[in-house]
Amino acid sequence: MLKEERQRLILEKLNTDKKINFVELGKFLDVSYDSIRRDIIELEDKGFLKKVHGGAVANSYLSVLGTKKNGASSEELGILSKKAQKFIENRQTIIMDGGTTNFFMAEQLAKTLELTIVTNSAPLAMALNEHPRIDVILLGGTYFKRYQITLGSEVSRQLEHINADYYFMGVNGVHHEKGLSIRHYEESLIKQKMMQAAKKTVCCIIEEKINVQEAHRVCNFQQLDLMITNLKPTDPALKDFQKQGVEII
């Protein structure tokens with residue numbers, strides 16, 4: 001079966017089932033798990049869907065959040081959010097970029113917190129509408145529809161006027177030698193600017209992104225101040241990271 005035909009069938013099944021699973025797709029199309037994963041990544045980059053843990057949903061933050069209660073990623077996101085909130089205190093200024101993890105964390109912030117959140121994600125800014133004590137600075141620039149974020153020189157310029165306490169960075173992969181990486185070049189540059197605008201940089205990452213390397217590196221792993229995962233810090237999967245001098249919780 002040609003790749004184009006396979007991807008067309010994947011999108012048809014997604015349209016019918018609303019959420020698709022890598023293992024089930026492999027059986028349905030009689031191809032390997034890795035082939036399905038590559039197809040899903042390519043379709044995500046084209047803006048047709050959103051990759052989540054073990055599968056994919058339609059390319060909408062609302063769709064992702066609508067599946068979290070029953071999806072395999074709900075428990076992981078809950079653990080990440082609970083760990084991350086221990087570092088968030090009243091009157092802090094926090095940068096949060098786009099991505100499902102940051103979106104979920106923003107929703108889970110206590111309604112009593114008094115914060116300023118700086119973001120280039122329109123959906124994340126909207127998620128904070130129900131938080132009366134959180135001020136939102138939405139960075140303006142060129143709107144990248146595929147990922148629902150703003151990018152470009154205007155975003156970089158605005159970040160030069162920000163002095164944040166924390167930057168919560170979303171990435172597609174983290175590797176102890178190759179560093180933190182994503183799939184879009186210009187977004188990697190904005191993330192570097194966000195790092196410069198914050199006292200400390202935190203990466204909240206689920207297990208499937210550990211030891212993954214994508215096309216564009218944001219920074220070395222050692223440049224992080226803290227990595228938060230859904231695993232225990234002593235988990236064997238984190239063995240190589242534990243030697244790098246970065247706090248892991």
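Within the set Lys83/Lys178; Lys178/Lys209; Lys18/Lys232, which residue pairs have Cα atoms separated by over 23 Å?
Lys83/Lys178; Lys18/Lys232
Which whole-Hz couplings ³J(HN,Hα) result when phi for each residue of region 168-178 is put into the Karplus expression 6.51 cos²θ - 1.76 cosθ + 1.60, θ = phi - 60°, listed in order with x for Gly and Pro?
In residue order, the calculated couplings are 8, 9, x, 9, 8, x, 9, 9, 5, 9, 8 Hz.
What's the magnitude of the charge dipole for the chain around its Cα centre, counting Lys and Arg as +1 and Asp and Glu as -1 at the beta-carbon? Answer in Debye, nearest 20.
With Lys and Arg at +1 and Asp and Glu at -1, about 160 debye.
Sort the following peptides by mean Cβ neighbour count (other Cβ atoms within 10 Å, averaged over residues), highest first: 237-249, 118-130.
Most protected by this proxy first, the peptides run 118-130, 237-249.
With θ set to phi - 60°, apply the Karplus curve 6.51 cos²θ - 1.76 cosθ + 1.60 along region 90-97 and write out the HN-Hα couplings as whole Hz, x wherever there is a Gly or Pro.
4, 6, 8, 10, 10, 9, 9, 8
Let me check against my output: what whole-number percent is the relative contact order of region 3-59, with C-alpha pairs under 8 Å and at least 6 apart?
Taking the mean separation of contacting Cα pairs over the length of region 3-59, I get 37 percent.
For the chain, just say rounded, prolate or oblate: build the C-alpha gyration tensor, square-root its eigenvalues into a ≥ b ≥ c, call rounded for a/c under 1.5, and beyond that prolate if a/b exceeds b/c, oblate if not.
Since a/c reaches 1.5 and a/b is larger than b/c, the shape of the chain is classed as prolate.
Taking the simple approach of a point 7 Å from Cα along Cα-to-Cβ for both Gln222 and Glu89, what is their distance in nm?
2.9
Taking Lys243 as the anchor, which aspartates and glutamates have their alpha carbon closer than 19 Å to its alpha carbon, excluding any fewer than eight residues away along the same chain?
Candidates past the 8-residue exclusion: Glu177, Glu207, Asp225, Asp235.
Name the residues of region 208-242 whose amide N is less than 13 Å from a point 7 angstrom out from the Cα of Lys200 along the C-beta direction?
Residues 224-228 fall inside that zone.
Please work out the Cα center distance from region 106-140 to region 167-192, rounded to the nearest Å.
Using only Cα atoms to place each centre, the spacing works out to 22 Å.
Using Cα pairs closer than 8 Å and at least 6 residues apart in sequence, work out the relative contact order for region 106-236, in percent.
20
Label region 3-59 by shape, choosing from rounded, prolate and oblate, from the square roots a ≥ b ≥ c of the eigenvalues of the Cα gyration tensor; if a/c is under 1.5 it is rounded, and otherwise prolate applies when a/b is larger than b/c, oblate when it is not.
Since a/c stays below 1.5, the shape of region 3-59 is classed as rounded.
Placing +1 on the Cβ of each Lys and Arg and -1 on the Cβ of each Asp and Glu in the chain, which of Gln85, Leu124, His176 has its Cα farthest towards the positive end of the resulting dipole?
Farthest along the dipole direction, towards plus: Gln85.
Show me the ranking of peptides 151-158, 185-192 by mean Cβ neighbours inside 10 Å, starting with the highest.
Sorting 151-158, 185-192 by mean packing, highest first, produces 185-192, 151-158.
Ordered by packing density, taken as the mean number of other Cβ atoms within 10 Å over each peptide's residues, highest first, how do 10-18, 104-112 rank?
Ranked from most to least packed, the peptides come out as 104-112, 10-18.
Given the rule -39500 (n - 2.57) for each run of at least 4 DSSP H residues, summed and divided by the residues of the chain, what is its mean residue ellipticity at 222 nm, to the nearest 500 deg cm²/dmol?
Calculated mean residue ellipticity at 222 nm is -10500 deg cm²/dmol.
Just so you know, all these numbers are worked out from the coordinates, no wet-lab data involved. Owing to the predicted nature of the structure, the values given are computational and were not obtained by experimental measurement. All Cβ positions, glycine included, derive from the backbone under ideal geometry; neighbour counts span all protein chains shown.
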